[in-house]
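Working notes, structure below.
Bear in mind these aren't lab numbers, they're just calculated from the coordinates by the rules spelled out. In this text, all values refer to a predicted model and were calculated from it rather than measured experimentally. Glycine gets a Cβ as well: all are built from the backbone with ideal geometry, and neighbour counts include every protein chain shown.
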Amino acid sequence: MTPFTKKQKTNLAIDDEREDSMMHKTRTSTVFIAALFFATSLAAQEIEYPDSFAEPMALFPQALGNFHFPISSDDETAQAYFDQGFQLMYSFAKTDAARSFRASHLADPDCAICYWGEAWAWGSYLNGAMTTAEAPRAYAALQQALARIETATQKEADMIRALAVRYVEDFDPETRRQQDEAYAQAMGELADKYPEDLDIVTLYGDALFLLEERRGYRSLEDPNVVRLHGVLLSVLEKNIRHPGACHLLVHATESTPNPELAAPCARFLGASIPGASHINHMPSHTWNEMGLWHEAVRSNTLAWHSDQKAAIGEGFAIYPTHNLTMLYYAASMGGESAAAIQAAKDLAKLNRNTAMWALALVRFGRFDEVLQLTEAPSGEINQSMFDFARGYAALKEGDTVSAEASRDALWQLAESTSARFRFHDGKDIVGTLAGILEGEIAWQAGKLEAAAEAFRTATEYYGRLNYDEPEPLPFSPRHWLGAVYLELGAYDNALEQYRRDLSEHPHNIWALYGAQRALSHLGQRDSVIDQDLFEARNFADIWLNSSRF
């Protein structure tokens, strides 16, 4: 897909637990009463808030890490909610972070930095620019912070003033970058003034990142990338377990030729905020790029657990469909069929999209189960994935006519569609699938050269896909192209395809298996391939006699 190489307390006494529980209920009630009063004043200002703001925000000690940002308030409840809000912003749980900061200043209405927290939470973050609905909330909270700035410490006052340049009363999305640039400059000055405050330095890194394109590949020689990495690494050199800096570094390195730059901190990141599913999940962005598929499976399994724990107040569900998609993808590449298929099934329960379920079944050769799927997904590209899977399964079950009909429909769609799938032109996904299916049909008919040509066409479409995590397909067409080259006796060509796939998806079991077979036919051995395949088989639950079913 790309010329770049893709590179992973002491138990409390029962009486204490009861006392803590009673205190928590009392605090929550107090916050709720204050919330009702505050909501009334907000209504007068005609600022709309999400429905969740009508409910009290609880504290979730079991879901949080040991992060602490000391504030000037003497109110323990305000401090607890402030720490929670900070961790949730580091986890990209934006609305719950804003609710937590809101609860913090409701507990201590004179706490200027608490209002700063809510204002910060409403602003742009890496996964989304501030909206026209959020801008008035951010501005209103910031004005409350400014109104109380004389009660703040010097550092808190500096933080409030730095954030003040980010928000304007009459927000225009078209000119947002002007405020973002001013904010980055202000945070740079703040980071210079407080270099030992790792959260302030992290916020500077966040401000710099917001000035970069969110998607696409990054060059390690780009001065902006060098500066961003330098800021984040300066934090991690002092505390490798810092959740905010590591989260950002994973994103800042995943689309570079050296994603392993984030591996040292990624080892700790997933457990840094135990119940925040997005933090649990984040190391998998590094592990996928490095080809540490089982590590990615474990990260996303933990994330999915936190998503489910949210129902009992022990976790925060943050992007659950993304967690499941990453789990299905990593397990597919690593040969863990049970995990891949179950994740795809759970995904279908969440969003009624059966496309990934169908593709997972094709990846692992469960063709009879594909044909048992009757609920098609919505959306042109999702539908094409589903149709490909059913056509492929029909072919394997002896129904060539249905397979050919699916192939023809896919080619027609590849030529006509203008649909997008995430960050991709839909035609490139559909063309990849059409080429694979056409090649399999030709192969079954004994036309191996025609099959190879079709798989080469699929690979051309596949090569036009953009960088994405996870990729839109749980397999590479090179797994088919390499396999037909083996069948043709073109062992050098097969080995080339498998090695190219390994450069894009390191350590994936399918290309490792194919490369070992090609080498064997050539009378050669590669100790690295042999060792990688041995290790991949420690986690895979399948046996292979080809790089495709």
For this session: Enumerate the residues in segment 239-256 having an amide nitrogen under 19 Å from the point lying 7 Å beyond the Cα of Phe423 toward its Cβ.
Result: 247-256
Seminar exercise, completed: Residues whose modelled amide H sits under 5 Å from the amide H of Ala276, counting only those 5 or more places away in sequence or on another chain, are Phe316
Seminar exercise, completed: Of the candidates Ala252, Ala186, Ala152, the farthest towards the positive dipole end of segment 127-265 (Lys/Arg Cβ +1, Asp/Glu Cβ -1, centred on the Cα centre) is Ala152
For this session: Please give the per residue volume of the convex hull enclosing the alpha carbon atoms of segment 227-283, rounded to a whole number of Å³.
Result: 63 Å³
Seminar exercise, completed: Fewest to most Cβ atoms within 10 Å: Val250, Val430, Val401 sort as Val401, Val250, Val430
Problem set entry | Dipole in debye (nearest 20) - the chain, about Cα centre, beta carbon charges: Lys, Arg +1; Asp, Glu -1 | 900 debye
Seminar exercise, completed: One finds, for Lys193 and Ser416 with R0 = 60 angstrom and r their Cβ-Cβ distance, a FRET efficiency to the nearest 0.05 of 0.55
Exercise. Applying 1/(1 + (r/R0)^6) with R0 = 41 Å to the Cβ-Cβ distance of Glu181 and Glu260, what FRET efficiency is obtained, to the nearest 0.05?
Worked result: 0.85
For this session: Distance between Cα centroids, segment 207-243 to segment 454-502: provide it in whole Å.
Result: 32 Å
Exercise. In debye to the nearest 20, how big a dipole does segment 353-433 give about its Cα centre with +1 on each Lys and Arg Cβ and -1 on each Asp and Glu Cβ?
Worked result: 280 debye
Exercise. Considering amide H positions built from the backbone, and no H for Pro or chain starts, which residues 5 or more places from Tyr125, or on another chain, come under 5 Å of its amide H?
Worked result: Met130
Exercise. If the chain were replaced by its equivalent ellipsoid, with semi-axes equal to the square roots of 5 times the Cα gyration tensor eigenvalues, what would those be, largest first, whole Å?
Worked result: 48, 24, 23
For this session: Select from Leu533, Leu481, His505 the residue farthest towards the positive end of the dipole of segment 476-549; place +1 on Cβ of Lys and Arg, -1 on Cβ of Asp and Glu, and compute about the Cα centre.
Result: Leu481
Exercise. Which value in nm describes the separation of the simple spin-label points at Ala450 and Phe69, placed 7 Å from the Cα toward the beta carbon?
Worked result: 6.4 nm
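Using the number of other C-beta atoms within 10 angstrom as an exposure proxy, rank Ser73, Ser100, Ser378 with the fewest first.
Ser378, Ser73, Ser100
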Exercise. Cross-link list Lys349/Lys427; Lys94/Lys427; Lys349/Lys396; Lys349/Lys447; Lys396/Lys427: which exceed 29 angstrom alpha carbon to alpha carbon?
Worked result: Lys94/Lys427; Lys349/Lys447
Seminar exercise, completed: Here the residues of segment 309-330 lying in the modelled label zone of Thr95, meaning backbone nitrogen under 18 Å from a point 7 Å along Cα-to-Cβ, are 309-323
Seminar exercise, completed: A chain fully extended from Thr321 to Arg537 at 0.36 nm per residue, minus the present Cα-Cα distance, gains in nm 75.0 nm
Exercise. Using a basic spin-label model with each label point 7 Å from the Cα along Cα→Cβ, how many nm lie between Asp368 and Arg525?
Worked result: 4.0 nm
Exercise. Using the Cα atoms of segment 352-459 to build a convex hull, what is its mean projected area in square nanometres?
Worked result: 6.4 nm²
Seminar exercise, completed: Counting only backbone N atoms under 12 Å from a point 7 Å out along Cα-to-Cβ of Glu375, the residues of segment 350-367 in range are 350-355
